[in-house]
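The values are calculated or read from the model by the stated rules, or taken from the named source; none is laboratory data. Keep in mind that what you see is a predicted model, and the values were worked out from it rather than measured. Note that we place each Cβ from the backbone using ideal geometry, even for glycine, and neighbour counts take in every protein chain shown.
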Amino acid sequence: MKKYLILMIFLCKAEIVFPHCQVPCGIYDDALRIMIIKEDFSTIDKAITKIDHLSKNTDAHSLNQINRWIDTKDEHASNIQKVVSDYFLTQRIKETNKLYLDQLKFLHQILVSAMKCKQGISETSVAHGLGLVDDFSKIYFDEHGLEHLKKMSK
């Protein structure tokens, strides 16, 4: 019985980890996905700050914490790539949209920015990524969607 309870808890929490199913369920929350991407970039920014601060020390505890922050940074960059790829590129961006190429360009640039966050510890990559998310949002959402996104950001 205990095994089933643990399995149920994991399955209920799994939706938090994965950006969305690939079943055509018709349930979408684009603004939430944007907020998740922004939160991931903010976590990467904090990780970079911590890595920089801890790198001044050579004790075992600091080295362990650096390793953990690097793992966190890379995990959140991977989350960004997963949401962009599995949610926006495969499910939400349509060829019939007149802004298709512009949306693809911004999403590709967000993917590259996330990759650069994995490759180094540049706060510039984070700031650039956040700017790209804002630029993408401006051409993806209508006025109502942008207002909804703004309310969610508060």
Residue in region 126-146 that is buried (at least 18 other Cβ atoms within 10 Å of the Cβ) and more than 22 Å from ARG33 (Cα to Cα) present: no
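Answer with yes or no whether MET152 is of a type outside the set (Phe, Trp, Tyr) and closer than 15 Å to ARG33 by Cβ. Give the steps one after another, and end with the answer.
Working: of a type outside the set (Phe, Trp, Tyr): yes; closer than 15 Å to ARG33 by Cβ: yes.
Against the criterion (of a type outside the set (Phe, Trp, Tyr) and closer than 15 Å to ARG33 by Cβ), MET152 qualifies.
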Single residue of ASP102, ASP74 found to be buried (at least 16 other Cβ atoms within 10 Å of the Cβ) and either in contact with a helix residue (DSSP H, G or I) (Cβ under 8 Å, 6 or more places away or on another chain) or not in a helix (DSSP H, G or I) (or both): ASP74
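Go through THR72, THR49 for me and flag whichever is at pLDDT 95 or above, among the hydroxyl-bearing types (Ser, Thr, Tyr) and touching a Ser or Thr at 6+ places or on another chain (Cβ under 8 Å). Reasoning before the result, please.
Working: THR49 fails: touching a Ser or Thr at 6+ places or on another chain (Cβ under 8 Å).
One residue alone meets the criteria, THR72.
Please go through region 111-146 and give me each residue that is among the charged types (D, E, K, R) and within 20 Å of LEU99 (Cα to Cα), ordered by number.
Of the residues in region 111-146, the ones among the charged types (D, E, K, R) are 116, 118, 123, 134-135, 138, 142-143.
ASP134, ASP135, LYS138, ASP142, GLU143, listed by residue number.
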Residue in region 48-68 that is without any contact (Cβ under 8 Å) to a residue 40 or more places away in the chain, buried (at least 16 other Cβ atoms within 10 Å of the Cβ), assigned to a helix (DSSP H, G or I) and hydrophobic (A, V, I, L, M, F, W, C) present: yes
